[in-house]
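Structure first, then comments.
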Amino acid sequence: MITFNEDDKTAKVYSCSPSVINKLKKMEYPIVSSNEVSCTFSCPKKSISFRSPFEQHRKPGKPLSDEHKAKLKEGRRKAKENNGNQ
């Protein structure tokens, strides 16, 4: 959980995830509080960013030609045959 307000230059990051806690420790952000399962860190607000979902960043692919589709289909057919022969 991330909390901050417009007046402060810092944000507080709370996590129970060991991987997130380890990353924040490696980044040497100060620990505000901790217990057996969680930690709260203080970090510069400017280091917090929000991204769009991955799918929105993907560019639509170039349409495949009928010839290319036929080659892909033939390749899948051959792979299926080879897997059946093993």
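Derivation of every value follows stated rules applied to the coordinates shown; laboratory data play no part. Note that the structure is predicted; figures quoted are calculated from it, not measured. Methodologically, a virtual Cβ is constructed for each residue, glycine included, from the backbone with ideal geometry; neighbour enumeration extends over all protein chains shown.
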Which loop-located trypsin sites (Lys or Arg not before Pro) does the stretch 4-75 contain, where loop means any DSSP state but H, G, I, E or B and the Cβ has at most 12 other Cβ atoms within 10 Å?
9, 51, 58
Relative to the longest principal Cα axis of the chain, at what angle does helix 66-84 sit, 0 to 90 degrees, rounded to 10?
90 degrees
Hull volume per residue for the stretch 1-48, using the convex hull of the C-alpha atoms, in Å³ is 67 Å³
Reachable lysines, given that their alpha-carbon falls under 25 Å from the alpha-carbon of residue 80 and they are not under 8 places away in the same chain:
69, 71
Could you work out the helix-only [θ] at 222 nm for the chain, with each DSSP H run of four or more residues adding -39,500 (n - 2.57) and the total divided by the number of residues, to the nearest 500 deg cm²/dmol?
-11000 deg cm²/dmol
Among (1) 33, 12, 10; (2) 50, 21, 8; (3) 18, 16, 14, the value of semi-axes √(5λ) of the Cα gyration tensor in Å computed for this structure carries the label (2)
Under 23 Å from the Cα of residue 73, which lysines turn up, not counting those fewer than eight places away in the same chain?
62
